[in-house]
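Worksheet for the structure shown next.
The values are calculated or read from the model by the stated rules, or taken from the named source; none is laboratory data. This structure is a prediction, so every number in the text was calculated from the model and none was measured. Every residue, glycine as well, gets a Cβ built from its backbone with ideal geometry; the counts of neighbours run over all protein chains shown. Note: areas computed on protein heavy atoms with side chains; ligands, DNA, RNA excluded. Shrake-Rupley method; radii C 1.70, N 1.55, O 1.52, S 1.80 Å.
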Amino acid sequence: MILTKFNHATVRFEKEGVSLVTDPGTATPESEELLSAATAVLVTHEHFDHCDADALRAGLAGNPRLRVYGPSSVAELVGDYVDRFTEVTSGQSFTIGPFAIETFGGIHAAIHPDMPEMANISYLIDGKVYHPGDSYELPGVPVETLLMPTSGPWTSVRQGIDFLRGIDPTRAYQVHELELSEAGQEYAMYFLNLVADVAPVVKLAVGESVEV
């Protein structure tokens, strides 16, 4: 399949004429355009940087084949298109065209003890690519390609290193980078790669594609 990186947590997967989009948030100017051509969207959780409600509803209005998958809280964001929303929880397996999807995790990483828990679903696509959303929860299965978050109020280099080590992927690409400057992204990847001693985290440019 072809993996294309967009801003922040938005990634597109393409295979056999089917297009999956993950976390089309407000940080991604192309969100509505991507959804207009997608077969399905996988949403990890409802934070605005992962799910742009306006773009999601516009995509559903303009693309009759588009379906949305995510935790129950995402149902509130699809408006009148709830019939094309499928709730997913941790521990499920399903297919979207030629893609096999498995779900893991369940809870958003803690930002502060005073903030309520939020659902977060991590997706393993075709048994190869793991998109954790906002979570350091380990899937407990082999992962070839990890989408590695590097910024956000819940992230830490210490936990990130343990997460990388726990997954031990064949390759890793940076995502969730918006809150860091260009220099900050380089620093984050430097420290992760310095200590983790696994496959290095690599930066893909916005719009850059790789085959995985």
Go through the residues of the stretch 167-179 one by one and say whether even a single one is over 15 Å from the mean Cα position of the chain (by Cα) and of a type in the set (Lys, Arg). yes
From the list 78, 74, 82, which one is under 30 Å from residue 142 (Cβ atoms) and at pLDDT 95 or above? 74
Condition first: among the polar types (S, T, N, Q), under 19 Å from residue 135 (Cα atoms) and open to solvent by 70 Å² or more (accessible area, probe 1.4 Å). Now tell me which residues in the stretch 158-212 satisfy that. 159
Wholly within the stretch 69-134, which strands (runs of 3 or more DSSP E) include no fewer than the required count, namely at least 3 residues that are open to solvent by less than 40 Å² (accessible area, probe 1.4 Å)? 99-107, 119-125, 129-131
Matching residues, the stretch 50-68, being in contact (Cβ under 8 Å) with a residue 12 or more places away in the chain, part of a loop (DSSP other than H, G, I, E, B) and open to solvent by 60 Å² or more (accessible area, probe 1.4 Å): 65
Six or more apart or on different chains, Cβ atoms under 6 Å: show the pairs whose first residue is in the stretch 34-49 and assigned to a loop (DSSP other than H, G, I, E, B) and whose second is among the charged types (D, E, K, R) and buried (at least 23 other Cβ atoms within 10 Å of the Cβ). 44/23
Residue ID - surrounded by the fewest Cβ atoms within 10 Å (Cβ to Cβ), chosen from residues in the stretch 1-40 that are within 10 Å of the chain's Cα centre (by Cα) and aliphatic (A, V, I, L, M): 11
So for the stretch 136-157 (the condition being in a helix (DSSP H, G or I) and surrounded by 14 or more Cβ atoms within 10 Å (Cβ to Cβ)), does at least one residue qualify? yes
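Every residue, every condition in (1) within 15 Å of residue 46 (Cα to Cα); (2) in contact (Cβ under 8 Å) with a residue 12 or more places away in the chain, yes or no:
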site: 77; (1), (2): yes, yes
site: 83; (1), (2): no, no
site: 101; (1), (2): no, yes
site: 104; (1), (2): no, yes
site: 116; (1), (2): yes, no
